[in-house]
Amino acid sequence: MHEGRYAAAAARFADVLARDPERSDALFGLGLARYRMGAFDAAVGALSWAVLAAPDVVVSATPLDLAGLIAVNKPVVRARYEFADGGEPTLASVVHAFLARPTGG
């Protein structure tokens, strides 16, 4: 998504969710991609499901005010950071590998 390819990111997150619908990280990514594409209703739906699927606390590290956007049933911690890849592996390659990993037992 960092390259602005939100439709491709949304499709990839949807593919992950087809294999494992319980992946709150993929639900959140799908919601964020849809938000960036302007599909706000679909974004809010995915983000709401992601929050419900999260364990005890939600860590929000996006520019969005998540608690202001959707109803949240648990504490939200807003994380702020600055990031720059310093070489291999890049954050993008690690995230892609994580999302591609097999799930289940």
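Values as computed for the structure displayed
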item: Single residue of Leu99, Leu27 found to be surrounded by 13 or more Cβ atoms within 10 Å (Cβ to Cβ), of a type in the set (A, V, I, L, M, F, W, C) and either assigned to a loop (DSSP other than H, G, I, E, B) or out of contact with any Lys or Arg (no Cβ under 8 Å at 6 or more places or on another chain) (or both); result: Leu27
item: Residues that are touching a residue at least 24 places away in the same chain (Cβ under 8 Å), part of a helix (DSSP H, G or I) and not hydroxyl-bearing (Ser, Thr, Tyr), drawn from region 8-24; result: Ala9, Ala10, Arg12, Phe13, Val16, Arg19
item: Filter pass, Arg101 being modelled with pLDDT of 75 or more and either within 13 Å of the chain's Cα centre (by Cα) or closer than 22 Å to Ala7 by Cβ (or both); result: no
item: Pairs with Cβ under 8 Å, 6+ apart, first in region 39-68 and within 20 Å of Ala10 (Cα to Cα), second β-branched (Val, Ile, Thr) and part of a helix (DSSP H, G or I); result: Leu66/Val51
item: Scan of region 1-33 for residues that are farther than 18 Å from Val58 by Cβ and charged (D, E, K, R), ordered by number; result: Glu3, Arg5, Arg12, Asp15, Arg19, Asp20
item: When residues of region 32-48 are limited to those that are of a type outside the set (A, V, I, L, M, F, W, C) and surrounded by 14 or more Cβ atoms within 10 Å (Cβ to Cβ), the one modelled with the highest pLDDT; result: Arg34
item: Cross-chain or 6+ apart pairs with Cβ under 8 Å, region 69-82 first and more than 15 Å from Leu52 (Cα to Cα) and small (Gly, Ala, Ser), then surrounded by 10 or more Cβ atoms within 10 Å (Cβ to Cβ) and at pLDDT below 80; result: Ala79/Val59; Ala79/Ser60; Ala79/Ala61
item: Of residues in region 49-96 being in contact with a Ser or Thr (Cβ under 6 Å, 6 or more places away or on another chain) and part of a loop (DSSP other than H, G, I, E, B), the one surrounded by the most Cβ atoms within 10 Å (Cβ to Cβ); result: Ile70
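The values are calculated or read from the model by the stated rules, or taken from the named source; none is laboratory data. These numbers were taken from a predicted model, which means no experiment stands behind them. Note that we place each Cβ from the backbone using ideal geometry, even for glycine, and neighbour counts take in every protein chain shown.
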